[in-house]
Amino acid sequence: MSNGLGAQFIAVLESLGMASRLRQGRLAARAGQVLSMSLSTSVVVAQVQDGARTHRCRIGIKAFTKPEWVSVEKALSGQALFTARLLAGEVPYEMFADLGLRLFPDDMRELAMDCTCDTWDMPCSHLAAVCHLLADLFDQDPFQALAWRGRGRDELLSRLGELRRTTRETPPIKGFWHSQQPVTVAAPEHVERLDAVLDELAPLPLEVRGERVADLLRPAYRRLRTPRGPAQS
Ligand SMILES: [Zn+2]
């Protein structure tokens, strides 16, 4: 499954001047030259093979600050839908935008890349190959992008659980299931004729063997019993 996050990560890197390196890196990544890759908070470490040599690559990112994480956690715990989307592999982009945050940096100074090869023009093709694998990882699981920004999935989910337990009321989702008028439902004892509900509905454009569906349902409705006794017929 792709949530588009990987493509967005690559587009950001291209805009930061890595376009030609990324083309070389894609070939290396597709050829399986990235032997291993591990992502922990704020840093990715990978082993990349190039001929007879294996290089060690590191890609660090500036973690969200503590106040930034507090605002992310508040937003996620305030709207369960955001967390549900993350768990489903989607990214609630509007939430990050509303908080003034970006998952990926738009400045090379927020990224730190190094490799044990002797390429003088960094980032090298090895680092670019790792970026492609990282993009694939973000496509599969947006929590990995959040982990890179400093908060692992388990830690984040447990903090959200704590926040929900300490929050008595969850603000309603804006515009969702909002009615201007209170909805009233008649209690059974106030219903004079139980099949009357069929006459309240717009005519169903359905017929079974020449009879209207509402008329076919009428006897079944009349057989319903109220707490006071048999329904009127
Ligand atoms: Zn390198």
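The values are calculated or read from the model by the stated rules, or taken from the named source; none is laboratory data. From a predicted model like this one, the values you see are computed outputs, not experimental measurements. Calculation scope for accessible area: heavy atoms of the full protein, side chains included, ligands and nucleic acids excluded. Shrake-Rupley method; radii C 1.70, N 1.55, O 1.52, S 1.80 Å.
Of note:
- Computed accessible area, CYS57, all protein chains, 1.4 angstrom probe, square angstrom: 0 Å²
- Solvent-accessible ranking of THR83, THR65, largest area first, probe 1.4 Å: THR65, THR83
- Accessible surface of the range 5-166, 1.4 Å probe, proportion on carbon and sulfur as whole %: 51 percent
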